[in-house]
Structure formats: C-alpha cells, structure tokens
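Here the structure comes first, spelled out in structure tokens, and everything after it is commentary.
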C-alpha cells in the first residue's frame, strides 16, 4: 500500500520532530513511510469511535443494509456498531503479543490508568507509556492497511459500499402509452382537424 502526503498531512502533528508536520518520512530505499505520529493519530481516531460505540445506549444501534454483487443475495443486514467493536478487538488480539494484548485490554478496553496497569503487569511508568505508544503505532498501521476492508477511514467502514461501485443497477422500463392505461386515466387528447 502506498501512503500519500494528502492522507497523512491532516493527521500529522505540526511539532513532530521526525516528519516536521508532513506525515511522511524517508524510509529504507527511496520510499516514504508514514510517521509514527500519523499512525498514533489513526489509532486514536479509531479508538474514539470504539468508545462511542461501546458507551452508547443499546437502542441507538442501527441496522443497515449492505448491497453485494453476488448471485446468492443482493444485500445483507448488519449492525455496524457491534461489528466495529468486534473487529477492533479481534484485530488487536490477532496482531499483538501476549504482553501487548494484556496491556491493550487493561488500558484501552477496560479503561485502567497507568498506575493500575503498571501494578498489574509489573512494569514501571516509562515502560508502560513506551508500550502504549508501540501498541498505538502498530494498530494504527494495521487499521489503515487491513485488507479487504480497513477500519480506517471510518466513513468507508461505516458508510462505504462493499463493492457496490461494480454493481450495475437493474432497471425495468415499462412503456406506458395511451393503449396501456385504463379509460378513466387517459387524458383527453386534442385531435387536429
């Protein structure tokens, strides 16, 4: 996946010492890679949405219809908020080490502060915050580069079409002429003399 400046510029910190606000930094070879401040910003945006979905009232959840291109079904029903919560947690579980996942669960999912997490995991404050930054960077990259449907950008996840742009809508055209309408629905037509 290619990262472009147009998608990283808005997410970059202006006072970042690595990218100086551009969002990209020169990686190995001659390619550009996203700065860590961009990856952390992506994670924090996704995490804010996770918190919003987890704390909203259950009756506010929407059921949405997603169109598909397959022959079996034209559409599927889903609850996007609950699906997002599950995807967020499952992606973290699959891509983090055991220690990182325990820290992720305690701090991000359960909401424990650094004192409780460092006591529970047996680490000091500096190690805790370095581990949190590494988790944010790792998951930020994964949330953006996840295939086939990434978690970021959120608009594409929640409102994007699932291959809908390849579907051609079928339209039936019915020719309505004076002969197909019942007599009471026909308009009087002035005849030329």
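Read-outs: derived from the displayed coordinates by stated rules, not from any lab. Keep in mind that this is a model prediction, so the values were computed, not measured. Ideal geometry is used to build each Cβ from the backbone, glycine not excepted, and the neighbour counts take in all protein chains shown.
Residue order for 120, 80, fewest other beta carbons within 10 angstrom first, comes to 120, 80. When the alpha carbon gyration tensor of the stretch 5-165 is reduced to an equivalent ellipsoid, its three semi-axes come out at 30, 23, 13 angstrom, largest first.
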